[in-house]
Amino acid sequence: MKALILNSSARINGNSAMALGYLKEILGHENVSAEYVNLAEMNIGMCKGCRLCFDKGETACPHKDDVLGIYKRMIDQDLIILGGPVYVEDVNGILKNWIDRMAFNCHRPGLYKQKAYIFMNSGSGASGHALRTVERAFQTWGMRVIGKRKIVLGAKSKKEEFMPKYSNLLRKDMKKVLGRLRRTRSPSFIQVMTYHIQKWFYNNKTAKESYDYQYWLGKGWLDRRRKYYSDSKIGTLKNIGTKVIGTFIIKVVLR
Ligand SMILES: Cc1cc2nc3c(=O)[nH]c(=O)nc-3n(C[C@H](O)[C@H](O)[C@H](O)COP(=O)(O)O)c2cc1C
């Protein structure tokens, strides 16, 4: 089993690094090989909003930097752990820019095989919004979120403060996450519903000559009988339920 730990903090040795480093240690004890990457140390240019990744594919992005390399490493993993600090009640700028640069996955989900654990760390506890920002992005990219955690630490915490407060909790989290990783074979309700919603948009609202439409067509994702991005077994109840709720979201919520 393989995991990639992504830290978004500008403080290379800050609180997030301490907590994520501890998660890496726990995974090591569970025989999970975990790679650690700090996004702040990567070369990630600001999204220019040119839409070339949408219109011509992600390799057409004018930035020739580390984004696609990180993406390739993600595709190769069973588990993605993403962590970072809360800034002004949301994700920090480094993380938001990385999410924006990965937005081609909102059109052409490439991470539907990956499961995720999201970890947010704040000074006073207001991190629900940041968790939701990441969760929403991951779900749109096709991922399944199997765990999330918010923790609160003082501005420059030391291991002596962190360990008694959070070591047990994070160990339990990793046990649960690894259990879910081993157990869950079929895609979740949200994953299948996301597929149906996106498929509806491509079938009904997208120009046939567009890059995205042709991509979906080429993958066979627009076939009427297709139930999901991959050939995973989808039960009848889940298939019908996700279509019904998906249609409600399309017709009522997203109108
Ligand atoms: C610019 C900035 C904005 C912040 N905004 C918030 C906030 O809205 N809510 C909060 O609880 N903590 C906030 N914090 C505190 C950090 O989330 C907290 O110190 C965190 O532990 C830092 O993690 P790091 O060392 O990994 O960067 C902010 C810190 C900075 C530098």
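The values are calculated or read from the model by the stated rules, or taken from the named source; none is laboratory data. Everything numeric in this text was worked out from a predicted model, so none of it was measured. So basically every Cβ, Gly included, is an ideal-geometry build from the backbone, and we count neighbours across all protein chains shown.
It is to be established whether one or more residues within region 23-33 are of a type in the set (G, A, S), within 14 Å of the ligand (Cβ to nearest atom) and assigned by TED's automatic domain parsing to the domain that holds A155.
no
Here are some conditions: (1) under 17 Å from N105 (Cα atoms); (2) among the hydroxyl-bearing types (S, T, Y); (3) in a helix (DSSP H, G or I). Y228 meets all but one. Which one does it not meet?
All conditions are met except number (3).
In region 1-22, which residue that is assigned to a loop (DSSP other than H, G, I, E, B) and within 19 Å of I70 (Cβ to Cβ) is nearest to the ligand (Cβ to nearest atom)?
The selected residue is S9.
Quick check on G28: is it without any contact (Cβ under 8 Å) to a residue 24 or more places away in the chain and farther than 29 Å from M193 by Cα?
yes
Checking the structure you have, find out if any residue of region 8-28 is more than 28 Å from A155 (Cβ to Cβ), of a type outside the set (V, I, T) and at pLDDT 95 or above.
The answer is yes; a qualifying residue exists.
Only residues that are of a type outside the set (A, V, I, L, M) and more than 13 Å from the ligand (Cβ to nearest atom): list them for region 34-44, please.
E35, Y36, E41, N43
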